[in-house]
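> Take this structure, written in structure tokens, and hold onto it; I'll ask about it next.
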Amino acid sequence: MRVGWLVGLKGDPYENIRYAVEKIGVHSGQVSVWDMSIYTRENADKVLQACKDFDFTPTALWCGWSGPHEWSYPGMYATIGFVPAEWRAQRIQEVLKGAEFARMIGVKNIITHAGYMPDNPFHPERIGVLHAVKYICQQIAPYGQNFLFETGEMIPNTLIQLIVDAQQENIGINFDCANMIINARGNSADALRMLAPWVKGVHAKDATYPAGTNPKGKEVPLGEGKANFPELLRILKEAGYQGDLTIEREIEDIAQRDQDIRNGKAYLEKILAEME
């Protein structure tokens, strides 16, 4: 397992990749896009050239979408992913546009948040998300691409049942242990044991659980939260996972973010070395 970084593509994608290699010290990782104007042939060529010039391998495309998206309580339930019906059709097309861009840069896996889908399989929002995901999978299957759920909004069993009901071979999971913890969706190690058969990507991120009446936990640097990475990496290894560990660190202080990522990379690589 390599350790990479979730690289945001914005402005000049060539410089984004250069930054990842020269400033952060990674040579692989997922790339994310929230600005739909990035999805052009010209920008794809910039990514490809940067990957060649700096020996960088993109492992997945994290697809953002337009419209309102509130990550805090309670707005998160009504604005994230494919759950809001009024934004669903547009977001499906934006994710498919992301898949097209991913093909341009030679990327097989696309990822996004599906949203805070109800557990009840008969709920209209759940049915809407199921149809959205099935449609995306069917559209990208001829190109050998996979659709991956970012974890965090659904409890593990609800996500598994959605995957089963979708009945698509090119469906999987991008496991984010911190999102599971922040949203109190379960112990991340227990969740990973349940979800491991579908895991095709991993976000290495750490967090603490919600405390008291606070509905959301807090992201913290790798190794400082409740994610037990030695245990998580053992579970991944036992499951035969051979993909990247993609570090994600979401704070506004860029200098601190970069240092946390470099520290996190060393932390994970130490664990991996001890597992050999």
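> Cα-Cα over 22 Å: which of Lys200/Lys237; Lys216/Lys237; Lys23/Lys270; Lys52/Lys108; Lys205/Lys226? Each step should come with its number before you reach the end.
Values: Lys200/Lys237 13 Å; Lys216/Lys237 30 Å; Lys23/Lys270 20 Å; Lys52/Lys108 18 Å; Lys205/Lys226 10 Å.
Over 22 Å Cα-Cα: Lys216/Lys237.
> How large a share of the accessible area of the stretch 22-74, in percent, is made up of carbon and sulfur atoms when the probe is 1.4 Å and the other protein chains stay in place?
On the way: 1290 of 2520 Å².
Exposed carbon and sulfur together represent 51 percent of the surface.
> Assuming R0 = 22 Å, can you tell me the calculated FRET efficiency for the pair Gln138 and Lys97, based on Cβ-Cβ distance, to the nearest 0.05? It would help to have the intermediate numbers written out before the result.
Values: r = 16 Å, r/R0 = 0.73.
With a Förster radius of 22 Å, E is 0.85.
> Return, ordered by residue number, the residues of the stretch 8-23 whose backbone nitrogen is under 17 Å from a label point located 7 Å along Cα→Cβ of Asp55.
Counting backbone N atoms under 17 Å from the label point, the list is 17-23.
> With contacts defined as alpha carbon pairs under 8 Å and 6 or more residues apart, what's the relative contact order of the stretch 23-176 in percent?
Values: 244 pairs, mean separation 31.9, N = 154.
RCO, the stretch 23-176: 21 percent.
> Could you tell me which residue out of Ser72, Ala191, Val164 lies farthest along the dipole of the chain toward its positive end? Charges go on the beta carbon: Lys and Arg +1, Asp and Glu -1, centred on the Cα centre.
Val164
> Please work out the average accessible area per residue across the chain, using the 1.4 Å probe convention, and give it in Å². Intermediate values should be presented prior to the final figure.
Values: 12170 Å² over 276 residues.
Result: 44 Å² per residue.
> State to the nearest 20 debye the size of the charge dipole of the stretch 124-237 about its Cα centre, where the only charges are +1 on K and R beta carbons and -1 on D and E beta carbons.
With only Lys, Arg, Asp and Glu charged at Cβ, the dipole is about 120 debye.
> Can you give the charge dipole size of the stretch 154-212 about its Cα centre, rounded to the nearest 20 debye, using +1 on the beta carbon of Lys and Arg and -1 on the beta carbon of Asp and Glu? Walk me through the intermediate numbers first.
Values: 4 positive and 5 negative charges, 19 e Å.
It comes to approximately 100 debye.
> Please give the contour-minus-distance gain from Gln256 to Ala211: 0.36 nm per residue of separation, less the Cα-Cα distance, rounded to one decimal in nm. If you can, show how the numbers build up before the last one.
On the way: separation 45, 0.36 × 45 = 16.20 nm, distance 2.48 nm.
Length gained between Gln256 and Ala211: 13.7 nm.
> What is the chain's relative contact order, in percent, from Cα pairs under 8 angstrom and six or more apart in sequence?
On the way: 541 pairs, mean separation 45.8, N = 276.
About 17 percent, as a whole number.
> For the pair Asp119 and Met275, what calculated FRET efficiency results from E = 1/(1 + (r/R0)^6), where r is the Cβ-Cβ distance and R0 = 35 Å, to the nearest 0.05? Present the calculation step by step, with values, prior to reporting the outcome.
Details: r = 35 Å, r/R0 = 1.00.
With R0 = 35 Å, the Cβ-Cβ based efficiency is 0.50.
> Using Cα-Cα distances under 8 Å and only pairs 6 or more residues apart, what relative contact order does the stretch 145-202 have, in percent?
Numbers: 78 pairs, mean separation 25.4, N = 58.
The value is 44 percent.
> Residue by residue, what Karplus-based ³J(HN,Hα) values in Hz, rounded to whole numbers, does the stretch 148-158 have, using 6.51, -1.76 and 1.60 with θ = phi - 60° and x for Gly and Pro?
Those phi angles translate into 10, 6, 7, 7, x, 8, 9, 5, x, 5, 5 Hz.
> Loop-only GluC sites (Glu not before Pro) in the stretch 108-212, please: DSSP not H, G, I, E or B, and at most 14 other Cβ atoms within 10 Å.
Numbers: sites: Glu125, Glu150, Glu153, Glu169; in loops: Glu153, Glu169.
Answer by residue number: Glu169.
> Dividing the Cα convex hull volume of the stretch 118-194 by residue count, how many Å³ per residue is that?
Numbers: hull volume 6.3 nm³, N = 77.
Hull volume over Cα atoms, normalised by residue count, gives 82 Å³.
> Find, to one decimal place in angstroms, the Kirkwood hydrodynamic radius of the stretch 164-276, where the mean of 1/r is taken over every pair of different Cα atoms and then inverted.
About 14.8 Å, per the Kirkwood formula over Cα pairs.
> List the GluC sites (Glu not before Pro) within the stretch 179-275 that fall in a DSSP loop (any state other than H, G, I, E or B) and whose Cβ has at most 15 other Cβ atoms within 10 Å. Could you put the intermediate results ahead of the total?
Working: sites: Glu219, Glu224, Glu231, Glu238, Glu248, Glu250, Glu252, Glu269, Glu274; in loops: Glu224, Glu248, Glu250, Glu252.
Counting only loop positions with at most 15 other Cβ atoms within 10 Å, the GluC sites (Glu not before Pro) in the stretch 179-275 are Glu224, Glu250, Glu252.
> Show that you can apply the helix-only estimate: for the chain, add -39,500 (n - 2.57) for every DSSP H stretch of four or more residues, divide by all residues, and state [θ] at 222 nm to the nearest 500. Numbers along the way, then the final one.
Values: 10 runs with 119 residues, N = 276.
Dividing the helical sum by the residues of the chain leaves -13500 deg cm²/dmol.
> Would you mind telling me the share, in percent, of accessible area of the stretch 136-276 contributed by carbon and sulfur at probe 1.4 angstrom? Please report the intermediate quantities before stating the final value.
Details: 2910 of 6330 Å².
That share works out to 46 percent.
> List, largest first, the extents of the alpha carbons of the chain along their principal axes, each in whole Å.
49, 45, 35
> Here's something else I'd like to know. Which of the chymotrypsin sites (Phe, Trp or Tyr not before Pro) across the stretch 102-157 are loop residues per DSSP, with 12 or fewer other Cβ within 10 Å?
Phe122
> Another one. In the stretch 87-138, with Lys and Arg counted as +1 and Asp and Glu as -1 at Cβ, which of these residues, Gln90, Leu130, Ala102, has the Cα nearest the positive end of the dipole, that is, farthest along it?
Farthest along the dipole direction, towards plus: Ala102.
> How big is the dipole moment of the stretch 47-180 about its Cα centre under a simple scheme where the beta carbon of each Lys and Arg is +1, that of each Asp and Glu is -1, and everything else is neutral? Debye, nearest 20, please.
320
The values are calculated or read from the model by the stated rules, or taken from the named source; none is laboratory data. If you're wondering where the values come from, they're calculated on a predicted model, not measured in any experiment. Note that each Cβ is placed from the backbone with ideal geometry, even for glycine, and that neighbours are counted across all protein chains shown. Each accessible area value is taken on the protein alone, full model and side chains, heavy atoms only, with ligands, DNA and RNA left out. Shrake-Rupley method; radii C 1.70, N 1.55, O 1.52, S 1.80 Å.
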